[in-house]
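A short write-up of the structure that comes next.
The values are calculated or read from the model by the stated rules, or taken from the named source; none is laboratory data. Everything numeric here is computed off the predicted structure, so don't read it as measured data. Every residue, glycine among them, receives a Cβ derived from its backbone with ideal geometry; neighbour counts consider all protein chains shown.
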Amino acid sequence: MKRKDGWLFVISIISFVLLMGCASDASSDNAEKEESNQVEASSSTSETNEETEEEVENSVDMKVTLLGTGSPVLSMERLGNSTLVEVGDERLLFDVGRGAALRLDQIDISPGMIDKLFVTHLHHDHTVGFADLLITAAVPDPRGNREGDLQVWGPEGTENFVNSTIQAFEVDINTRKQVEGASGLASTVHEIEEGIVYENNGVEVIAFNVDHGPMKPALGYRINYKGRSVVISGDTTYSENLIKHAKDADLLVQEVVVVKGPDEEYQSEAHKNIEAYHTTPEQAGELFKEIDPSLAVFTHIATFLPEHEATIVDRTKAIYDGEVELGEDLMSIEVGEEVTISE
Ligand SMILES: [Zn+2]
Ligand SMILES: [Zn+2]
């Protein structure tokens, strides 16, 4: 071997050793990576299993948000009566009392994201927010504007109420349409009677008559989905038909009115008349015993003396020993395997 050839041979040997070293490092690196991937894969599989189990355990089929738990009585804490039911892909609004659009905004839902409204009856504490819901939907909002009509279901008289309101705001509505090209400012009304009034995507809404004294017709609603059910009593006194339609509901959203304590005198004839077509805490206890809901939550909390509000649940529980809660504005109730309150 010549001297030059000898050097070349030595360099080749060194290169070969270095290359093999790198290769072996690389292969051990790969082995480590594979091992760590396997660990990650197995841990992510177990995480996925845990998540799936958790999801099944906590699966929420319906979410109910009490937007307004008040009555005609003026209150900053309890705005007008309105309840949002989110079920599957559906967003259903039940009544639209004072400040409903503001409460929707507080839970990051623009008025334009609502296009289905169910009205229980035509007292103003359930309807005064209608124009706000309809027209504010035309104000540009990145969260969404209504494309089609606002669909409204309600008892006889609803069509007149909706059309008259639209007529009252005609100048505003026409200007917004012409100048701003706004959509969603029309309304389609379905005047309904007792029975199934809406069916879509597995969601069923049933209207039923309740007893609201001189206010006829007055409706309650039952919303069924995947074997779960939410019932909204509407305004009513003790009603056999409410019991029939609310039987075994997962969640009952129940109206209540307190004009006096059990041993107190009526302060006026008006208070006595008001009580006659609403539900007292004691009547609610009797209703709950028959209905047996997983959870009953009071809404439409009308009291004429502030100290009465704190007595409502106790007065009810003196008669009924199931789960009862006093609703609050923006209280949210999740209905799934369990019925839980999240605020
Ligand atoms: Zn009312
Ligand atoms: Zn009413």
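Quick notes on this one:
- Among the residues of segment 314-343, those that are buried (at least 18 other Cβ atoms within 10 Å of the Cβ) and touching a Phe, Trp or Tyr at 6+ places or on another chain (Cβ under 8 Å) comprise 316, 320, 324, 327.
- Among the residues making up segment 267-309, those that are of a type in the set (Gly, Ala, Ser) and either over 25 Å from the mean Cα position of the chain (by Cα) or farther than 23 Å from residue 66 by Cα (or both) are 268, 270, 276.
- Only a single criterion out of (1) out of contact with any Asp or Glu (no Cβ under 7 Å at 6 or more places or on another chain); (2) modelled with pLDDT of 95 or more; (3) closer than 17 Å to residue 316 by Cα is not satisfied by residue 236, namely (1).
- One residue stands out in segment 99-119 among those that are closer than 14 Å to residue 150 by Cα and not in a helix (DSSP H, G or I): the one that is farthest from ligand 2 (Cβ to nearest atom), namely 110.
- Among (1) in contact (Cβ under 8 Å) with a residue 60 or more places away in the chain; (2) within 16 Å of ligand 1 (Cβ to nearest atom); (3) not basic (Lys, Arg) - the single one residue 225 does not satisfy: (2)
- In segment 120-130, residue nearest to ligand 1 (Cβ to nearest atom) [restricted to those that are under 19 Å from residue 166 (Cα atoms) and outside any helix (DSSP H, G or I)]: 123
- Total residues in segment 120-135, condition away from ligand 2 (no atom under 16 Å from the Cβ) and either free of Cβ contacts under 8 Å to residues at least 24 places away in the same chain or surrounded by fewer than 19 Cβ atoms within 10 Å (Cβ to Cβ) (or both): 2
- In segment 209-222, the residue that is nearest to ligand 1 (Cβ to nearest atom) out of those that are in a strand (DSSP E or B) and farther than 13 Å from residue 156 by Cα is 220.
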